[in-house]
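Comments concern the structure below.
The values are calculated or read from the model by the stated rules, or taken from the named source; none is laboratory data. Being a predicted model, the structure only gives us computed values, none of them experimental. Neighbour counts run over all protein chains shown; Cβ positions are idealised from the backbone, glycine included. Please note that ligands, DNA and RNA were not included when accessible areas were found on the heavy atoms of the full protein model with its side chains. Shrake-Rupley method; radii C 1.70, N 1.55, O 1.52, S 1.80 Å.
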Amino acid sequence: MEEELLNIKNNAVSLILDAPDLETLEGVKLQFLGRSGKLTVAIKEITKIPQERRPAVGMLANEVKTTIENTIESQASNLKSQVSKKIREDIDVTNPGIGPPLGHLHLITQAIEEISEIFKSIGFSRVRYPEVEWDWYAFGALNFPPNHPARDDWETFFINEEPDPKYGPMVLTPHTSSGQIREMQRIKPPIRMLNLAKCYRRQSDVSHTPMFHQFEGLVVDRGISITHLKGVLDFFVKSYFGEKRQSRIRPYHFEFTEPSFEVDVTCGVCNGRARLPDGQGCRLCKEGWLEMGGAGMVHPNVLKNGGIDPNTYTGFAFGWGVERVLMMKEGIEIDDLRLLYSNKLEFLEQF
Ligand code: PHE
């Protein structure tokens, strides 16, 4: 019996120390200490041996049990610390983590900031005026005769409201020129305004969206002439598009400027040559020039409507589209302008 107990002990201890993981160890424990485990069974056998030998065998059996239990316990704690060491080794804290996804400013917001900075650097102050506006600010005070069809050129949205006896119908402003009169009412000359705001027109195709942005410059002071307009225009073109690009002004007609111009910039794709290096015609421009928008010398009637004496002061104004100048920038080719406002991340993430 003693021999059997010592065998059980040796056998158990070696199996315990060989156990490679906690699961195997649990199996060994059951094999010896479980209800029908080897040691449990042996202990039950003690009742069958002669009375006088029982105490000695009983003590030995207890010793064996304690040894097995202690060995299991220490092996278990060994295995546990190996596991946590392994986990620690598997985690390389010097690895770069997975960063949270970072967004960026919308393409149009980037353009708005860039344009604003360029004009700020030559003394323009940025303002914004109402998007829901009276006909008088959008047209009437800008020298459009009452009910004159020239308003149709602006494809205006009208608001379903009673017209004001003095200011006429309410509209969604179709151009930032409505800010000219508001600025003249706000401050006396010298005026150097950049009105950058949303405009609305009934239009939607690959190069037009019903909502878009314009930036309107207005300069009113003593002795302002076309050369000032051309200087500011060139400064903007070189700053925004790059030194290589040229600008030109060509005669046009607006009710609120006299003389009026359309402003063109050399095409960034063919560099103003109208032909590509392979001899093919440029697919983007007409004869090397791209149209940027309108400009002109403020009409004397407009100055009068803004409370400014046209005999003392003169001024120039221009109004160009943010989306338009963005599309004219080199390297930005957007097939459909409406994509800009589609909130499609696959598109927006490219910029
Ligand atoms: N408001 C005109 C447009 O939307 C542009 C313009 C602004 C023309 C200022 C002359 C002076 O087309």
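Side notes on the structure shown:
- Calculated mean residue ellipticity, 222 nm, the chain: -12000 deg cm²/dmol, from DSSP H runs (n ≥ 4) at -39500 (n - 2.57) each, averaged per residue and rounded to 500.
- Cubic angstrom per residue, convex hull over Cα atoms of the chain: 286 Å³
- For the chain, accessible area per residue (1.4 Å probe, heavy atoms of protein chains only), Å²: 57 Å²
- Between the range 147-177 and the range 194-245, the Cα center-to-center distance that results, in Å: 22 Å
- Surface composition of the chain: carbon plus sulfur atoms hold 53% of the accessible area, using a 1.4 angstrom probe and ignoring ligands, DNA and RNA.
- Applying a DSSP loop filter and a limit of 16 other Cβ atoms within 10 Å to the trypsin sites (Lys or Arg not before Pro) in the range 1-81 leaves Arg35.
- In Å, descending, principal axis extents of the Cα set of the range 2-90: 59, 20, 15
- Accessible area of Ile91 in the full protein assembly, 1.4 Å probe (Å², nearest 10): 110 Å²
- From phi via Karplus (6.51, -1.76, 1.60), per-residue ³J(HN,Hα) for the range 312-323 in Hz, x at Gly/Pro: 9, 10, 10, x, 10, 9, 8, x, 10, x, 5, 4
- Of all lysines in the structure, the ones whose alpha carbon falls short of 21 Å from that of Lys166, not counting any fewer than 8 places away in one chain, are Lys304.
- For the range 99-116, Karplus couplings with θ = phi - 60° (6.51, -1.76, 1.60), whole Hz, Gly/Pro x: x, x, x, 10, x, 8, 5, 4, 3, 5, 4, 4, 5, 4, 5, 5, 4, 4
- Computed from backbone phi, the HN-Hα couplings of the range 24-39 come to 4, 4, 4, x, 4, 4, 4, 4, 10, 9, x, 4, 10, x, 4, 5 Hz, rounded to whole numbers (Karplus: 6.51 cos²θ - 1.76 cosθ + 1.60, θ = phi - 60°; Gly and Pro given as x).
- Under 5 Å, built H, 5+ apart or other chain: amide partners of Leu196: Val127, Glu216
- Tail fraction, Cα-Cα pairs, the range 200-347, threshold 28 Å, whole percent: 29 percent
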